[in-house]
Amino acid sequence: MLLKSEIEKSYKNQKITWKNKPSGLTRKKIENLVLSDNYILIITGIRRCGKSTLMHQLSQRENEPSAHFNFEDFRIFGFELSDFSKLNDIIGEQVMCYFFDEIQNVVNWEIYIRELHDKGKKICITGSNAAMLSKELGTKLTGRNIQIELFPFSYAEYCQFQKYEWNTQSFNSYLLDGGFPDYLKSKQKEYLQQLFKDIIYRDIIVRYGIRNANSMIEIALFLISNTAKEYSLNSIKKAFGVGSTNSVANYVQWLEDAYILFSIPRFSPSLKIRAVNPKKVYTIDAGFAQANSSSFTDDIGRIFENVIFLELRRNHKEIFYFKEQGECDFIVKKGKEICYILQVCVELHPDNMKREINGLMEALSYFNKEEGVIVTLNQHDEIYEDGKKIIILPAHEWLNIIKLGI
């Protein structure tokens, strides 16, 4: 419990900061976002990816009285459910639009948000932990919210931010830099290393009371280092001496909830088989992965694949890899339909062409599709084989096609 004067001091200081906050790059996500009293808008994503900036941009559109409060302000450490009534008195009843950062830090926050929503207020909240928000939303706020995910800059946003043209040279730069806004201003890898530590400690180790912090960190770094590779819970259990596969499963889930990592299953029509097969792991950002691992020094191929995955993941959640006789990197499903069958290869050459094409052809045959794509760094071609069409595209061209929704 806090004194009302402490909350008021924090609110007034935050108000000045919020008012003077730079507008930042206009994100693609904002195009279709509208605040409404019919639902609560939830923005989730990894720390420092631009959630608060996006929320600030949304606030600039509103003509009605609004208020903002950041629950990560150290001056209000210990904020409890009972303190919301004090915050309400400070903000005033005339406010119609509420913008809250990291509200999941307050236990039972959803009770207060439900009260505001019932009063017809417009509400937007951000959070860096997908699971914690989902848990509370599923109890008090079912059917009353719209959730969107925000990632670090896409290649399109990166070019806009850096004022680069779309070409192979700028894409190569994006492979190295990634898209964390603040990192792009300084290019100090220590920033991304500290970000990793902050997320691991604040959002996972402290939040879940992990006693063996070293194991958690080692597993996180191991998975980042193995971006675009298969892993199994049992192999991690054995490698790091963790007590059970359930513990490893929790570690991986917490890393995913904090948006550090993503796992995709091997495709199978059977959910049981999907659950036991090895998964492939990807990291939230190319620059973030390379700053926290030295394993990519001579292996740009996995970073390349990671960037393509992230572009798919921005708009799709059902993504698989295909592996039978050969392997195909990505199968993307939308509803009941397969919308993309995609192979990723930095450069096609005589040593790998047969493997890459055969893996794609096998996936096309399995799903009875006529056309697939191989995304490369800088190659452009078309191949016709057994009545199927394979389009070979440079990454920057493919990304433009995806952006335009073609």
**Message:** Which condition from (1) within 25 Å of K140 (Cα to Cα); (2) surrounded by 14 or more Cβ atoms within 10 Å (Cβ to Cβ) is the one that G78 breaks?
**Reply:** (2)
**Asked** Given the stretch 349-406, what strands (runs of 3 or more DSSP E) lie entirely inside it while holding 2 or more residues that are surrounded by fewer than 17 Cβ atoms within 10 Å (Cβ to Cβ)?
**Response** 381-385, 388-394
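Within the stretch 331-348, restricting attention to residues that are outside any loop (DSSP other than H, G, I, E, B) and free of Cβ contacts under 8 Å to residues at least 24 places away in the same chain, which residue is surrounded by the most Cβ atoms within 10 Å (Cβ to Cβ)? Spell out the reasoning first.
Here is the first cut: in the stretch 331-348, the residues outside any loop (DSSP other than H, G, I, E, B) are 331-334, 337-344.
Those still in the list that are free of Cβ contacts under 8 Å to residues at least 24 places away in the same chain too: 332-334, 337, 339.
Details: V332: 18, K333: 16, K334: 12, E337: 8, C339: 14.
The selected residue is V332.
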**Fill in**
(1) touching a helix residue (DSSP H, G or I) at 6+ places or on another chain (Cβ under 7 Å); (2) crowded, with 17+ Cβ neighbours inside 10 Å all hold for N234 apart from (2)
**Request:** Just name the residue that is nearest to P65 (Cα to Cα) out of those in the stretch 1-21 that are free of Cβ contacts under 8 Å to residues at least 24 places away in the same chain and more than 30 Å from the chain's Cα centre (by Cα).
**Result:** K12
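Consider Y164 carefully, then state whether it is outside the structural domain of D73 (by TED's automatic domain parsing) and surrounded by fewer than 16 Cβ atoms within 10 Å (Cβ to Cβ).
On the way: outside the structural domain of D73 (by TED's automatic domain parsing): yes; surrounded by fewer than 16 Cβ atoms within 10 Å (Cβ to Cβ): yes.
Spelling it out, Y164 is indeed outside the structural domain of D73 (by TED's automatic domain parsing) and surrounded by fewer than 16 Cβ atoms within 10 Å (Cβ to Cβ).
Take the residues in the stretch 168-212 that are of a type in the set (A, V, I, L, M, F, W, C) and not in a helix (DSSP H, G or I), then tell me which one is surrounded by the most Cβ atoms within 10 Å (Cβ to Cβ). Break it down stepwise before answering.
Let us first name the residues in the stretch 168-212 that are of a type in the set (A, V, I, L, M, F, W, C), namely 171, 175-176, 180, 184, 192, 195-196, 199-200, 204-206, 210.
Checking the rest, the ones that are also not in a helix (DSSP H, G or I) come to 180, 206, 210.
On the way: F180: 24, V206: 11, I210: 19.
The residue in question is F180.
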**Prompt:** Does N378 satisfy the condition of being in contact with a Ser or Thr (Cβ under 6 Å, 6 or more places away or on another chain) and among the polar types (S, T, N, Q)?
**Reply:** yes
**Prompt:** If you take the residues in the stretch 32-55 that are touching a Leu at 6+ places or on another chain (Cβ under 8 Å) and charged (D, E, K, R), which one is surrounded by the most Cβ atoms within 10 Å (Cβ to Cβ)?
**Reply:** K51
**Exclusive hit being farther than 20 Å from R313 by Cα, among the β-branched types (V, I, T) and touching an Asp or Glu at 6+ places or on another chain (Cβ under 7 Å), set I16, I7, I40** = I7
**Request:** Among the residues of the stretch 256-308, write down those that are within 17 Å of Y231 (Cβ to Cβ), of a type in the set (D, E, K, R) and part of a loop (DSSP other than H, G, I, E, B).
**Result:** D299
**Message:** Looking at N292, N306 in this structure, which one is touching a residue at least 60 places away in the same chain (Cβ under 8 Å), more than 27 Å from I374 (Cα to Cα) and not aliphatic (A, V, I, L, M)?
**Reply:** N292
**Request:** Report whether or not S215 is surrounded by fewer than 19 Cβ atoms within 10 Å (Cβ to Cβ), among the hydroxyl-bearing types (S, T, Y) and part of a helix (DSSP H, G or I).
**Result:** yes
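The values are calculated or read from the model by the stated rules, or taken from the named source; none is laboratory data. Please read all numbers here as calculations on a predicted model, not as lab measurements. Cβ coordinates were reconstructed from backbone atoms using ideal geometry, including for glycine residues, and neighbour counts include every protein chain displayed.
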